[in-house]
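The block underneath contains the structure these notes are about, expressed in structure tokens.
Since every read-out is calculated from the coordinates, none of them should be taken as a lab result. For clarity, every value in this text was computed on a predicted model and none was experimentally measured. Note: ideal-geometry Cβ built from the backbone for every residue, glycine included; neighbour counts use all protein chains shown.
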Amino acid sequence: MKILIADDDPQIIRALTVTLRARGYDIVTAADGAEALNRTIEHHPELVMLDLGMPNLDGVDVIHGIRGWSQVPILVVSGRTGEADKIEALDAGADDYVTKPFSIDELLARIRALSRRALTVDEAPVITFGGVTVDLAGKHVYRGPASEPETIRLTPTEWAILEVLLRNPGRLVTRDALLTGVWGPHHTGDSGYLRVYLGQLRKKLEPVPAAPRYLLTESGMGYRFVPDPAA
């Protein structure tokens, strides 16, 4: 099981990394809020362990950003003990809340409970729609039969956007979630970037780019990947 630990205290990151790796967990770390969002998209952890008081992007904002496109379990591990802080984090979309200092046995019990609800994002690593096949694990896109595939080349940015959409079939992915995940927290107002890249993706992947069937725009909100009915 892969866990992302996001905390601006290097001692806590070091201690948790050693402890959890010794118990067989695969660990990814982040030292601030923006990095936590980026690594969630890059590494697709099965659990996010998150501090609230981090630089660059507050933990609650990180929760909102993740929830814009993913239902991965989020465990808040924070020194904020006030009831209002807990309610704010849980209302934002966190699944559980542990206050510092904590016992490692309690933390492990919370992880085990959440891991039973964790989404396995690689259950269907190959997605087909409209004659296009996307291999999420191999990062390969082609059109036509596997025996004679026509490779479709995507830029790294096009791939990052497409992967987020395909891993959330049928769900609305907000503009802010895509902008923050691909370009960072300082670009949440740059929705023109998304229009340009979605236009490029449609030209490469849609049967009729001017009338998209799979990569849809939700006006004023974001974007949605709509798979074929039998997918």
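Observations on the structure shown:
- Net charge in the neighbourhood of VAL132 (other residues with Cβ under 10 Å of its Cβ; Lys, Arg +1, Asp, Glu -1) is 0.
- The residues MET1, MET49, MET221, when put in order of fewest to most other Cβ atoms within 10 Å, stand as MET221, MET1, MET49.
- Counting Lys and Arg as +1 and Asp and Glu as -1 over every other residue whose Cβ lies under 11 Å from the Cβ of LEU205, the net charge comes to +3.
- Helix content alone sets the calculated 222 nm mean residue ellipticity of the chain: runs of n ≥ 4 DSSP H residues at -39500 (n - 2.57) each, divided across all residues, give -12000 deg cm²/dmol.
- Footprinting exposure proxy ranking of SER70, SER78, fewest other C-beta atoms within 10 angstrom first, gives SER78, SER70.
- Gyration tensor (alpha-carbon) shape descriptor, segment 2-115, a/c threshold 1.5: rounded
- Across the chain, the mean sequence separation of Cα contacts (distance under 8 Å, 6 or more residues apart), normalised by length, yields a relative contact order of 15 percent.
- Taking other C-beta atoms within 10 Å as the exposure proxy, THR81, THR217 rank THR81, THR217 from fewest upward.
- Charging the Cβ of each Asp and Glu at -1 and of each Lys and Arg at +1, and nothing else, the dipole of the chain about its Cα centre rounds to 620 debye.
- The chain shape via C-alpha gyration tensor axes, a/c threshold 1.5: prolate
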